[in-house]
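The values are calculated or read from the model by the stated rules, or taken from the named source; none is laboratory data. Keep in mind it's a predicted model, so treat the numbers as computed, not measured. Cβ: placed from backbone, ideal geometry, glycine included. Neighbour counts: every protein chain shown.
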């Protein structure tokens, strides 16, 4: 058994953690069927063909289920802080895989912030703990610069469990601000979080960072949900737009990246 804090985690369980191996969207990282002959890194799922995310690409180590989900919950909800090192190692693998896509020079790494009251209750921001552990594992201080307070969550957005993609987008609008816009000017940013679900949080953070002057934004998480088929993604997207009471289409129509 490998002793992590007061919770025993056997080495067999840790060795069962597996990186994503399915065909993934080259933008959001959702599982999708890539047509034969197309470069998976340049292919966009049907959702991303209709809704152009404000970030360049989102990557994750593994699927948000099983042992990986349990480890994240132990850290977040049972305060088993040493698990941040384990999850940080996994995030480091995501960052290493993303790095060839990143421009030369220093990259700003920003954890998705918690609302101040929530952070006080929990005692820490899990995204920041995991980000610190990942950068320690990568050991490249000249390449990645952690800026944990670059973003501020201005209100408690509550739990998003059970909310649709559209409802999550609406819930996140206006929930983040940049603490120092001058610091973000023309910077390349990797946004870090524990889990990517629908991408609503990551998209809102990326929009705020780009408005503040950031050059480009990427997203890296430990885990992500892989929920639906490629066809269902397109239907989900259509429902999102048809149900949006404001009628506002925040994102532009785009073509499949591989056809550019």
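Every test in (1) surrounded by fewer than 18 Cβ atoms within 10 Å (Cβ to Cβ); (2) without any contact (Cβ under 8 Å) to a residue 60 or more places away in the chain; (3) assigned to a loop (DSSP other than H, G, I, E, B) is passed by residue 34 save one, and that test is (1).
The number of residues in the range 52-107 being in contact with a strand residue (DSSP E or B) (Cβ under 6 Å, 6 or more places away or on another chain), part of a loop (DSSP other than H, G, I, E, B), over 16 Å from residue 197 (Cα atoms) and at pLDDT 95 or above comes to 3. Going by the conditions given, is residue 14 outside any loop (DSSP other than H, G, I, E, B), at pLDDT below 90 and surrounded by fewer than 22 Cβ atoms within 10 Å (Cβ to Cβ)? Considered against the rule, which asks whether it is outside any loop (DSSP other than H, G, I, E, B), at pLDDT below 90 and surrounded by fewer than 22 Cβ atoms within 10 Å (Cβ to Cβ), residue 14 comes out as yes. Taking strands (runs of 3 or more DSSP E) as the structural unit, those lying wholly within the range 117-225 and holding at least 2 residues that are under 24 Å from residue 69 (Cα atoms) correspond to 188-196, 216-224.
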